Every structure is written in C-alpha cells, then in structure tokens.
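Here is the structure we will look at.
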C-alpha cells in the first residue's frame with residue numbers, strides 16, 4: 001500500500017492511517033495479556049501494560065497529526081469511521 005502511494009501529503013496521510021491500524025492490532029493481545037497472565041508474574045504484567053499505554057498514545061498522536069495537519073479529524077483505526085471525540 002505505502003509503496004504505491006504518491007509522495008507528500010497522500011503518503012503522509014496513508015502512513016498515519018496505516019500505522020494507527022498497526023498500533024491497534026497490538027492492543028487486543030496486550031489487553032488479553034493483562035487479563036489472563038499469571039498475576040504473580042509482575043514483570044509480564046508491567047510489560048503488557050506498557051504496550052497498551054504506548055500503542056494507545058501512538059494512535060492518539062497519529063490521529064492528532066491527521067487532524068491538525070490534514071483536517072482529517074475523527075479517524076478511527078481499523079474502521080476509518082469518523083467520530084467527534086478525539087480520544088481513542
């Protein structure tokens with residue numbers, strides 16, 4: 001997808017949308033890890049929590065860039081839907 005996207009604004013928008021989706025794909029298994037992993041394995045719990053926080057922050061950062069730079073506000077990863085709130 002990115003290889004065939006023209007340089008400049010089209011590439012930037014496609015990249016931000018694509019990587020928002022990529023970050024979203026890491027959330028589900030990491031949330032499962034937080035719920036299902038052995039509570040006594042604190043290191044794994046913290047690792048999974050860090051993944052969730054990092055991916056959510058990345059998604060929100062990319063959504064903010066899409067909105068501020070390209071007026072593409074309300075993008076929701078995986079669906080491409082628009083919504084009014086800016087928080088994922």
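The values are calculated or read from the model by the stated rules, or taken from the named source; none is laboratory data. In this text the structure is predicted, and so the values were computed from the model without any measurement. We place every Cβ from the backbone using ideal geometry, glycine too, and count neighbours over all the protein chains shown.
Here is a list of conditions, (1) at pLDDT 90 or above; (2) buried (at least 16 other Cβ atoms within 10 Å of the Cβ), and residue 11 meets all of them except one; can you say which number that is?
All conditions are met except number (2).
Please go through segment 72-88 and pick out each residue that is assigned to a loop (DSSP other than H, G, I, E, B) and either at pLDDT 80 or above or closer than 16 Å to residue 9 by Cβ (or both).
72, 73, 74, 76, 77, 78
Determine, yes or no, whether residue 17 is assigned to a helix (DSSP H, G or I), in contact (Cβ under 8 Å) with a residue 24 or more places away in the chain, under 14 Å from residue 78 (Cα atoms) and touching a strand residue (DSSP E or B) at 6+ places or on another chain (Cβ under 6 Å).
no
Residue 69 versus (1) in a helix (DSSP H, G or I); (2) modelled with pLDDT under 90: which is the lone unmet condition?
(2)
Those residues that are in contact (Cβ under 8 Å) with a residue 24 or more places away in the chain and exposed (fewer than 15 other Cβ atoms within 10 Å of the Cβ), I need them from segment 26-49; list them, please.
Filtering segment 26-49 for residues in contact (Cβ under 8 Å) with a residue 24 or more places away in the chain gives 26-27, 30.
Answer for segment 26-49, where residues must be in contact (Cβ under 8 Å) with a residue 24 or more places away in the chain and exposed (fewer than 15 other Cβ atoms within 10 Å of the Cβ): there is none.
Across segment 34-48, which residue is nearest to residue 74 (Cα to Cα) among those that are in contact with a helix residue (DSSP H, G or I) (Cβ under 6 Å, 6 or more places away or on another chain) and either modelled with pLDDT of 90 or more or not in a helix (DSSP H, G or I) (or both)?
Here the answer is 48.
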